[in-house]
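Q: One structure follows; several queries about it will come next.
The numbers here are math on the coordinates, done by the rules we state, and not lab data. Everything quoted here is computed from the prediction, not taken from an experiment. Every residue, glycine as well, gets a Cβ built from its backbone with ideal geometry; the counts of neighbours run over all protein chains shown.
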Amino acid sequence: MVQSVSAADGFGAGQAIARARAAGRAALIAYLPCGFPSLTASIDACRALIRGGADIIELGLPYSDPVMDGPVIGQAVTEALASGFRVDDLFEAVAELAPAGVPIEVMTYYNPVFRRGEERFAADLADAGGAGLITPDLIPEEAGPWITAADAFGLDKVFLVAPSSPPARLRLTASACRGFTYATSTMGVTGLRTSLSGLARPLVERTRAAGAANVCVGVGVSTPAQAAEVASFADGVIIGSAFVKRLAAGQDLESFTAGLREATIR
Amino acid sequence: MNQMSGPYFGPYGGRFVPEALIAALDELAAAYAAAQADPAFGAELERLATVYSGRPTPLTEVPRFAAQAGGARVFLKREDLAHTGSHKINNVLGQALLTKRLGKTRVIAETGAGQHGVATATAAALMGLECVVYMGLEDTQRQALNVARMRLLGAEVIPVKTGSRTLKDAINEALRDWVTNVEGTNYVFGTAAGPHPFPAMVRDFQSVIGREARAQILAEVGRLPDAAAACVGGGSNSIGLFSAFLEDTSVSLYGFEAAGDGVETGRHAATLTGGSPGTLHGAKSYLLQDADGQTIESHSISAGLDYPGVGPEHSYLKDSGRAVYRPVTDAAAMDAFSWLTRSEGIMPAIESAHGLAGAMELGRELGPEAVLVVCLSGRGDKDVETAVKWFNL
């Protein structure tokens, strides 16, 4: 059952963040949904992110009811599903991307994991060479079977914290995470915003105080200037909607990614 | 009372929502627990039920209707006579009072047919709260009259253009609003589903249906009914009725789901009959989903039952066998709609007509000695246009 390549063995988000830190940077975590605008195009787009210097790929699993996502990502995953995306496609994409050596964290709502069975999902992800899961609608208290499966297969478990999380919940969540803890910069859904929320920095500080080793900030981070600001106080910068918008418009992803990577230098 | 208070009903329920909402759900659960312990809250809710909603609603025997129900004695719990025309008012008054206790000034709600939206806009007007209602774009077009009612009541109605543009997506959009504005906003959820504490709280606010009906049937007939029946979409009127009879083991409980064109056609909303366990809108429960766990769109002539999920307590009652859930097609529901209207001069909501169709079948099974209590959850004024089309009038 134990995989030769797994997050626990040194190929997870934690190691990628440590490498970035050693190079004087925050890690750049780049999101795109699998299957948008097509399976092959989404794989090619992720390769462009990797060439541009993304430290971690956050690969979204399109889901019918994405309550944490704003209009940009919402529209993209709706299109992916309409054009026939299946969960099996995700594992194919992970297997294609993993040999590049950049950890692939799958961002998924819980029901597709529950439906497949947590253990089977974890086994398939590990087989494909994936690093772990980011689960936006799963809190540690409800995650028992997933935690068990992730531990068995050495996968990362990334749960979210929010500006509204009290200290006890920050401790609970930080201790349940492996890889990093995902801090949502603002109260709201994914999307582009003109300025970075003032709630992000204090949340990162509170989450560190609650015991988290790596705290990465996402939701509402989209420009190099915002990335630079986040990089000054967090371990990683998570960017999604900005990539999806560029991909939908047929704009270059590699040079945009390279610019963001520059911005992560402290 | 031996009511389950959540978050879990057997393996169902829970809180499958973004972390950003957990603090608000904790706050709501704590405020609700405090309100339950506060006699002043119960007294105010009861006062409003009496002087505002018009409770208790009558229990009406319908002997002419019952001729098509095997001659059983059929009694209708008349939620259609409650203010705003359905049982939805029972829940929104409770949640609006809680909103004020929380010190919040804005409420949001989702609505399908518009009944919960109208009820929420009504309670918001009564209590001076800002009100925003999310409604699928398709539903705003199908239910234009209720959109106008909500706007006249001072609510803002936002047509939802994402996903399938129906109730499911209206809930998604309301959840996104709540994540963003949770500090000053309370989500007045319309049915006994969603994350804890909604399933237990909405059931408690709707339990007045069952309490009154149980006392009324005992007074009228001198014994408990053989069966209590109601339609099930999300399941709030049915769980409100069932809650009073859960421990009366002689009373069979029946929930009637919308089978649309028939469960075998795939075009239906019979979640408990044709669905499987999963998570949707914050709770683990039965839902309509494909092999990948993607939610499948539901179909029903009744906008209020046209929902691919169901409250977690119903899933528990199904698995435990305490309640039985059966599908009722569009055609059977419309026959019952027509028959109650003509035989008794009571025009039911098409949602409620599913319960009536089920009761007709049940009466024929149980025979003339049987006593049935059926929840008539709403009135049919809103459905006139749909009925005119259906019957080619």
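Q: Which FRET efficiency, nearest 0.05, do B:ALA67 and B:GLU264 yield, Cβ-Cβ r, R0 35 Å? If you can, show how the numbers build up before the last one.
A: On the way: r = 30 Å, r/R0 = 0.87.
Calculated transfer efficiency: 0.70.
Q: Right, here's the next one. I need the helices of chain A that pass two filters: whole DSSP H segments spanning 18 Å or more by Cα along the axis, and mean Kyte-Doolittle score no lower than -0.5. Walk me through the numbers on the way to the answer.
A: Working: long enough: A:39-52 (20 Å, 0.72).
Within chain A the helices that satisfy the rule are A:39-52.
Q: Now a separate question. Assuming a ≥ b ≥ c are the square roots of the Cα gyration tensor eigenvalues, decide whether region A:212-266 counts as rounded (a/c under 1.5), prolate (otherwise, with a/b larger than b/c) or oblate. Provide the component values of the computation, followed by the final result.
A: Values: a/c = 2.62, a/b = 1.75, b/c = 1.49.
The shape class here is prolate.
Q: Which value, in debye to the nearest 20, gives the size of the charge dipole of region A:7-263 about its Cα centre, when Lys and Arg are +1 and Asp and Glu are -1 at the Cβ? All intermediate terms of the calculation are to be shown ahead of the outcome.
A: On the way: 20 positive and 27 negative charges, 164 e Å.
It comes to approximately 780 debye.
Q: Given bins 20 angstrom wide, list per bin the percent of all Cα-Cα distances in chain B, short to long.
A: 31, 62, 7
Q: Still on this structure, please answer the following. Any chance you could tell me what percent of the C-alpha pair distances in region A:1-121 go past 25 Å? Working shown, then result.
A: Working: 1810 of 7260 pairs.
Cα-Cα pairs in region A:1-121 separated by more than 25 Å: 25 percent.
Q: Apply the Karplus parameterisation 6.51 cos²θ - 1.76 cosθ + 1.60, with θ equal to phi minus 60°, to every residue of region B:284-290 and state each ³J(HN,Hα) to the nearest whole Hz, in sequence, with x for glycine and proline.
A: Taking θ as phi minus 60°, the curve returns 8, 6, 5, 7, 8, 8, 8 Hz for region B:284-290.
Q: For B:ASP26 and B:GLU130, what is the calculated FRET efficiency with R₀ set at 22 Å and r taken between the beta-carbons, to the nearest 0.05? All intermediate terms of the calculation are to be shown ahead of the outcome.
A: Numbers: r = 23 Å, r/R0 = 1.06.
Given R0 = 22 Å and the Cβ-Cβ separation, E is 0.40.
Q: In chain B, what percentage of the DSSP-assigned beta bridges are antiparallel, given to the nearest 5? If you can, show how the numbers build up before the last one.
A: Working: 17 of 53 bridges.
Around 30 percent antiparallel, to the nearest 5.
Q: What does the helix-only formula give at 222 nm for chain A: each DSSP H stretch with n ≥ 4 adding -39500 (n - 2.57), the total divided by the residues, and the result rounded to the nearest 500 deg cm²/dmol? List each step's numbers first, then the result.
A: Numbers: 12 runs with 121 residues, N = 266.
Only helices count here, giving -13500 deg cm²/dmol.
Q: Sort B:183-193, A:37-47, B:126-136 by packing, meaning the average of other beta carbons within 10 Å per residue, with the highest value first. Intermediate values should be presented prior to the final figure.
A: Values: B:183-193: 25.4, A:37-47: 18.1, B:126-136: 21.6.
Per-residue mean Cβ counts within 10 Å order the peptides as B:183-193, B:126-136, A:37-47.
Q: Taking 1 over the mean of 1/r across every pair of different Cα atoms in region B:240-328, what Kirkwood radius in Å do you get?
A: 13.4 Å
Q: Tell me which residues come under 5 Å, amide H to amide H, from B:SER252 once H is placed; ignore anything under 5 positions away on its chain.
A: B:ALA227, B:ALA228
Q: Can you list residues from other chains, or at least 5 along the same chain, whose modelled amide H is less than 5 Å from the amide H of A:ASP156?
A: Placed amide hydrogens put A:ALA7, A:GLY132, A:LEU133 under 5 Å from A:ASP156.
Q: With charges only on Cβ, +1 for K and R and -1 for D and E, what is the dipole size of chain B about its Cα centre, in debye, rounded to 20? Spell out each step's value before the answer.
A: Values: 33 positive and 43 negative charges, 126 e Å.
Result for chain B is approximately 600 debye, rounded to the nearest 20.
Q: I've got another one for you. Test of understanding: in a Gaussian network model of chain B with alpha carbons linked when under 10 Å, which of B:SER86, B:SER352, B:SER343 would top the mean-square fluctuation ranking?
A: B:SER343
Q: Using only the alpha-carbon atoms, what does region A:7-263 span along each of its principal axes? Please give whole angstrom values in decreasing order.
A: Answer, in whole Å and largest first: 43, 40, 33 Å.
Q: Which pairs, out of B:LYS88/B:LYS161; B:LYS161/B:LYS389; B:LYS104/B:LYS318; A:LYS157/A:LYS245; B:LYS100/B:LYS168, put more than 29 Å between their alpha-carbon atoms?
A: Details: B:LYS88/B:LYS161 25 Å; B:LYS161/B:LYS389 26 Å; B:LYS104/B:LYS318 37 Å; A:LYS157/A:LYS245 27 Å; B:LYS100/B:LYS168 27 Å.
Violating the 29 Å limit, Cα to Cα: B:LYS104/B:LYS318.
Q: Which residues' amide hydrogens lie under 5 Å from the amide hydrogen of B:GLU110, considering only partners 5 or more residues apart or on another chain, with H built in the peptide plane?
A: Those qualifying (amide H under 5 Å, at least 5 residues apart or on another chain) are B:TYR134, B:GLY190.
Q: For A:PRO145, what is the net charge nearby, where nearby means another residue's Cβ is under 9 Å from its Cβ and Lys, Arg count +1, Asp, Glu -1?
A: Values: positive: none; negative: A:GLU118, A:GLU119.
Taking every Cβ under 9 Å from that of A:PRO145, the sum is -2.
Q: Identify the residues of region B:357-393 with backbone N under 17 Å of a label point that sits 7 angstrom from the Cα of B:LEU152 along the Cα-to-Cβ direction, or state none.
A: B:379-385
Q: For chain B, find the longest principal axis of its Cα atoms and tell me its angle to the long axis of helix B:88-101, 0 to 90°, nearest 10.
A: Taking Cα atoms only, the helix is inclined about 20 degrees.
Q: Would you calculate the separation in nanometres between label points at B:ARG342 and A:ALA100, each defined as 7 Å from the Cα along the Cα-to-beta-carbon direction?
A: The modelled label-to-label distance comes out at 6.8 nm.
Q: Remind me, what semi-axes does the protein assembly as shown give for its equivalent ellipsoid, largest first in whole Å, using sqrt of 5 times each Cα gyration tensor eigenvalue?
A: 48, 24, 22
Q: Using the Karplus curve 6.51 cos²θ - 1.76 cosθ + 1.60 with θ = phi - 60°, work out ³J(HN,Hα) for each residue of region B:378-393 in order, rounded to whole Hz, and write x for Gly and Pro.
A: So the Karplus estimates, Gly and Pro as x, are x, 9, x, 3, 5, 9, 4, 4, 4, 5, 4, 5, 4, 8, 6, 7 Hz.
Q: How crowded by other chains is A:114-120, given as the mean number of beta carbons from other chains within 10 Å of each beta carbon?
A: The shielding value for this peptide is 3.
Q: Same structure again: Which order do the peptides B:244-257, A:126-139 come out in when sorted by mean C-beta neighbours inside 10 angstrom, highest first? Mind dumping the intermediate values first?
A: Numbers: B:244-257: 19.9, A:126-139: 25.4.
Top to bottom by mean Cβ count within 10 Å: A:126-139, B:244-257.
Q: Moving on. Determine ³J(HN,Hα), in whole Hz, for all residues of region B:184-191 in sequence, where each value follows from phi through the Karplus function 6.51 cos²θ - 1.76 cosθ + 1.60 and θ = phi - 60°; x replaces Gly and Pro.
A: Rounded to whole hertz, the list is x, 10, 10, 8, 8, 7, x, 9.
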